[in-house]
Each structure stands twice: as structure tokens, then as C-alpha cells.
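The block underneath contains the structure these notes are about, expressed in C-alpha cells.
Just so it is clear, none of the values below were taken in a lab; they were calculated from the coordinates. All values derive from a computational prediction rather than experimental measurement. Virtual Cβ from ideal backbone geometry, glycine too; neighbours counted across all protein chains shown.
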Amino acid sequence: MVLSQFADDYRCVTPESFRALAEECWDLGIARLDVRYFVLRDCFDITWSFWGRADVGSGVSRDLSARLEHHWSRRLPAILSEPDEEAAVALALALREELKLLSELVEDPLTFRDV
């Protein structure tokens, strides 16, 4: 999976793709010496963890999938296209915080409801 392909269409990825995307971000971070890719690697790891919690074969709820798609589709194109590394890192950190918050909500069944 290519990172730019994911940025164009979130729906093209499978849960297994998140692991490959995390590795791709690591390689890009090293090759380009750009911290945004290391933060994105964390984001892909967090996203992969949602499927790690789900029962094998059951996936994640539609609500959770929609929330993930919202966060990724809103943030990733801007992160990748931002020419200023510092600004891109700030955007990536914001995405990571949103995903961490979503992760905490999913862990608390009283605050997260599947639809």
C-alpha cells in the first residue's frame, strides 16, 4: 500500500494495510528525515489496534469505522501536502491525539455507543 493512495481514498485499505503503512512511514521518516512520518507511524499503529481488539473476523463497528475515516480523511491530505515540516508535525500530532482519544472512548463502553 502506498501512503498517497491511502490519502486519496480511505476505503481502499484493509486492516492489514495499517501495519504496512506504519512501516512505510518509518522508512519515509528515515529517508526524508521528516518527523511527520514517525508521528504518522504512531497513528497507523493506533488505528491498527482497533482491529486488534475486535474478535477475529468481526472487524469493528460501522460507527468506529466512520469515525476513523473522518479523522484520517480530514487530516492526512493536509499532513502530506504541508511543505513546512513543523506545521506538518503539528497536524500529525493533532491526528494522533484524536485517535488516542477515540481509543480511550472505545475502551469505556459507557461513553462509546456502537450504531
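Key figures
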{"item": "Calculated diffusion of the chain, Stokes-Einstein form, Kirkwood radius summed over Cα pairs, 37 °C and 0.692 mPa s, µm²/s", "result": "228"}
{"item": "On Cα atoms only, tilt of 15-32 relative to the major axis of the chain in degrees", "result": "20"}
{"item": "Taking the stretch 3-107 and dividing mean pair separation by its residue count, relative contact order in percent (alpha carbons under 8 Å, at least six apart)", "result": "30"}
{"item": "Chain lengthening between residue 32 and residue 82 when straightened (0.36 nm per residue, less Cα-Cα)", "result": "16.6 nm"}
{"item": "Extension gain, residue 11 back to residue 62 (0.36 nm per residue minus Cα-Cα distance, nm)", "result": "17.1 nm"}
{"item": "Within the chain: Cβ-based charge dipole about Cα centre, in debye rounded to nearest 20 (Lys, Arg +1; Asp, Glu -1)", "result": "220"}
{"item": "On Cα atoms only, tilt of 85-107 relative to the major axis of the chain in degrees", "result": "10"}
{"item": "Gained length - residue 70 relative to residue 93, 0.36 nm times residue gap less alpha-carbon distance", "result": "6.7 nm"}
{"item": "Degrees separating the helix 62-81 axis from the principal Cα axis of the chain, which is the longest one", "result": "10"}
